[in-house]
1. Which of the residues belonging to the stretch A:42-72 are assigned to a strand (DSSP E or B), in contact (Cβ under 8 Å) with a residue 40 or more places away in the chain and not acidic (D, E)?
2. Yes or no: B:R142 surrounded by fewer than 17 Cβ atoms within 10 Å (Cβ to Cβ), more than 21 Å from B:M265 (Cβ to Cβ) and away from chain A (no Cβ under 14 Å)?
3. If I ask for residues that are within 20 Å of B:F349 (Cα to Cα) and open to solvent by 20 Å² or more (accessible area, probe 1.4 Å), which ones from the stretch B:1-55 would you list?
4. Restricting attention to helices (runs of 4 or more DSSP H) lying wholly within the stretch A:113-221, give those where 2 or more residues are open to solvent by 70 Å² or more (accessible area, probe 1.4 Å) and charged (D, E, K, R).
5. List every residue pair whose Cβ atoms sit under 6 Å apart, with the two residues 6 or more apart in sequence or on different chains, where the first one lies in the stretch B:233-249 and is at the interface with chain A (Cβ under 7 Å from one of its Cβ atoms) and the second, anywhere, is open to solvent by 20 Å² or more (accessible area, probe 1.4 Å) and in a strand (DSSP E or B).
6. Only one of A:R13, A:R94 is open to solvent by 50 Å² or more (accessible area, probe 1.4 Å) and more than 14 Å from chain B (Cβ to nearest Cβ). Can you tell me which?
7. Give the stretch B:298-315 a look and list any residue that's in contact with a helix residue (DSSP H, G or I) (Cβ under 6 Å, 6 or more places away or on another chain) and either hydroxyl-bearing (S, T, Y) or open to solvent by less than 30 Å² (accessible area, probe 1.4 Å) (or both), or say none.
8. Inspect all residues belonging to the stretch A:31-41 and state whether any of them is closer than 30 Å to B:F231 by Cα, of a type in the set (D, E) and without any contact (Cβ under 8 Å) to a residue 12 or more places away in the chain.
Amino acid sequence: MTIDRDLEVEILRNLLRHTTRAYEEQVAALHAEKELAQVTLASIGDGVITTDRSATVTYLNRVAESLTGWGMARAAGRGLGDVLSLADTALGTRAELPIAQWLTGRADTTRLSGVTLIARHGSRCAVEGSVSPIRGPQGEVVGLVIILRDVSETRLLALQMAHQASHDQLTGLLNRPAFEGRLRMVLESPGLEERPACVCYMDLDQFKVVNDTCGHIAGDELLRRIAGLLLNQVRETDVVVRLGGDEFGILLDDCDVPSARVIAERVCETVCDYRFLWEDDVFSISASIGLVPLTPDLHSVMEVMSAGDHACYVAKEQGGGRVQVFERDDREVAHRMGEMSLVVRLQRSLEESRFELVAQPIMALEPDASRRWAFEVLLRMPMDGSGIAYPAEQFVRAAERYGLMPRLDRWVVGTVFRSLAAEPRALMETVHTCFVNLSGATLTDEHFADYVSDLVQETGLRPDVICFEITETAAVASMHKARRVIDALGELGCRFALDDFGQGMSSFGYLKSLPVSFLKIDGMFIHDIAADPLDRAMVESMQQIAKVYDLKTIAEAVSSQPIFDIVRAMGIDYAQGHFIGSPRPLATILEIAADPSGRHPRVQISAEVASGPEERPTSPAGVKSKG
Amino acid sequence: MKSMVVPVPGPDEPGIWQDRLAAVTGRPPDVALAFLPGNGRSQRTLRELATAWPETVRFGCESVTQFADAALASQGSLHLFWFDHPGHRVEVDVIEATPDGGLHADELDRLTDTIRGADAVLLLVDGLHFPAQQLLAELRARGVAAGIPIAGGLASMASPGADAGGARVFVDRQLYGAACAVSCWYGVRADVEIVRGWSPASPSYTVTRAEGNVLYEIDGEPATEWYRRFFTVGGAIAPLPEAAHQFPLILEGPDLGRQGLYRSMRQFDEPAGAVTFWGDLEVGDEIRLGMGNGTSLVETACDLAAGRHAEAAVLYSCVGREIVLGQRAEAEVEAIHEALEKVPLSGFFTFGEIGPSARGPLAFYNHTAVLVLLSEVEA
């Protein structure tokens, strides 16, 4: 049955009305959505450009307008290539936009990076972003959307960070890693023989004087001035760096040895002629330069730097203010190379605990002392299989130069703690103090006190048995750090002795600031005390000052009965030297100290050494850093 | 293949029927496809056909209005086929519903095997008492339809509610209620076209509650209220389901297998808030009301048939289209017959059509016309 036409028409009207209303609602919803999208696009911090399927610009948000310099009204209808002008940041050349490729839609998103946007009026801005196809319902590309982000600040920051990473903040010169990178490039470049190159390794000779006298601010200023001097004396193509501290480097590419020597000597002379004024003081300084020709037998950066260091050292040893060209057969340099092989042995000895500890007794001179015995622990480094030990000065110097002192010190301290803790308590009660030398490097090791604290916990040894010997040079080199370490060890209960007292004669001032319990009077004042009234007067004054500060004194190098008598008569508290006893294995010393026979220990010990020449405590072996 | 369509004469024309059978001279037809009115004379007509052509494969179904070439018929139409090649043939199987309205799995398996060997399949289904949509789902699940053209229609009757024996199918001399006659054609190519002609007439909505053929809610609103919105005229609701025949539901997805299906309203039950259709609806179906008229339906049919070549055509057109076409019901058949260059054409107005959908075969339609174009293939 069909319905009549009027009814059909009315139903159609209903349908039309509802369809229209729905359509209007959809249009309103779409409009709202579009508004929201446009507000969103306008609000976001990135530039947005859209195009139609022919890459004709249809929309730019405000950020894109600002970045491109194109207003929406002007840009709309133009080709994307007109509005979006990009250049390759690295090359500086204009980049062709692969618009046809983008419009294929094969890639969902193409990243834009390393590009610079050239705005309508020519200004440039580093940008990053992306290009993505806009797809229709069937997946076909109906346009493009380009996102642009201003990364000029980020890129600038990255450049600044890269600059900071490769430059020395104090002088503005390249730093050591950057220098090594450049040097590596030169070493790895082909044709080094046809295109010679050299490296200068420069060390200032009197920098420490300025630093110590006027403080580090003056030292820093001096380094800045020296950097300026260097830059003025080298060629434009040369690379000048601060290697660290008061060490500088110069990479002289495309420069043979004679030319390099001319430049290096000019630098030396310039530094020599320079006068550094600080407040009312005028300082003369000089520079020692090791010049290393980059020959094929120097394979690595490390070898070059080591050769430069050695040559520089030789220059300094020969009085400073000169240039030393590195040569393989140079005796001095060969000596340094020998030192390097010693370093290898040192490292192996450390890894395999091949060191030996000996101890030299120290006797209390006051007759009623209940515990009369003390000793100084010294380190021996036996040569492989020979039973002979390396000269202490030799391996200590090598260890200092190659940064091994902290490890050596820890080995000694650890071994001492464990050895003493293993002894019977009764024996330990006869020992007054065990003196252990600490190097300057350890005094700046902020973790050393923790290490000692752990040893105290581990061994149960009374910390006050241990007295660390420090030299004024070591303590003064980095006073703030040294004070922190000394204070931390002091809190644990350890004590301190100022070693080689009197050597520098600036020592008295430091007595106020260093919390020491003992002064060890340098052997140079004791050797001739029986014959030299000046030495005698010096020792007397040291003794008086020590009493003022309530410090105990120890006379080093007591090698005879007359000397022994003199220092005892002066009121010196302790004596150390071959007359008292020569260094013996630690265990032997402990046994003698604990001898219940009551015989005078001096006789027991000194009888062993009556015929030998005076041997400084550090001579047989000792981790003793003589400043 | 040769074919011809013979209108069945009315009860007041007994002599004419004999004359028409006698006019078919020479070799008896290989296949006689009959569409007969459910007026109680079907049995007698089947006997007469059996007597005339005992060896001919005879099958068909009852319907209210039949097609005989360019004309509508009410007393039945008979489509006779002669194959050129002796091996080409038609085999007919019958599957009956179980007493509770379901299907036997064994029979479905047998039917599946039968269909798999055929070149084309025509289904004639009891339009009232057979679970046609379940059969299609089972066949789809068994994958039988892949590559085989399958089309058909649901037999119709004048007053569905009266249940005067139903819209039955028949094979040989036997009439079957609650059954489906499955004719498998061998050596025959069948092209199936879905004739639509309806345009979207409302915004899109989503079915939110439905069970089988019964729709309860659209976008959370009772389906009856939803219909009221469109069909209330002058403060009163238009007669339903009649008024809805001109505004079928168009299914638009989102399931592509259901895209392009139509649903005709069968019953509008306002107290229950339920609207029953001749085909199923599923929750999630996106629907619109469609609209059309005689012109759009006829033109669509004409466009689809134009230029197509066939040796015979069978048309299953929905009774809903007949209602919309009204006085122009014959015009659709005429137009198709004309467009096909007067190829012998039979068929009937159905209670539902079967044909392929956009995503595959065996979809159940309302309000469409399924046109099957048959040609014998070379041996």
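The values are calculated or read from the model by the stated rules, or taken from the named source; none is laboratory data. Being a predicted model, the structure only gives us computed values, none of them experimental. Because the Cβ atoms are built from the backbone with ideal geometry, glycine has one as well, and the counts that use them run over all protein chains shown. The area values use the complete protein model at the heavy-atom level, side chains included, leaving out ligands, DNA and RNA. Shrake-Rupley method; radii C 1.70, N 1.55, O 1.52, S 1.80 Å.
1. Hits for the stretch A:42-72 are A:G47, A:V48, A:I49, A:T50, A:T51, A:T58.
2. Yes.
3. Within the stretch B:1-55, B:M4, B:P7, B:G38, B:N39, B:G40, B:R41 qualify.
4. The helices (runs of 4 or more DSSP H) meeting that bar are A:176-188, A:207-214.
5. Correct list of pairs: B:F247/B:M291.
6. Among A:R13, A:R94, only A:R94 is open to solvent by 50 Å² or more (accessible area, probe 1.4 Å) and more than 14 Å from chain B (Cβ to nearest Cβ).
7. Selection gives B:V298, B:A301, B:A305.
8. no
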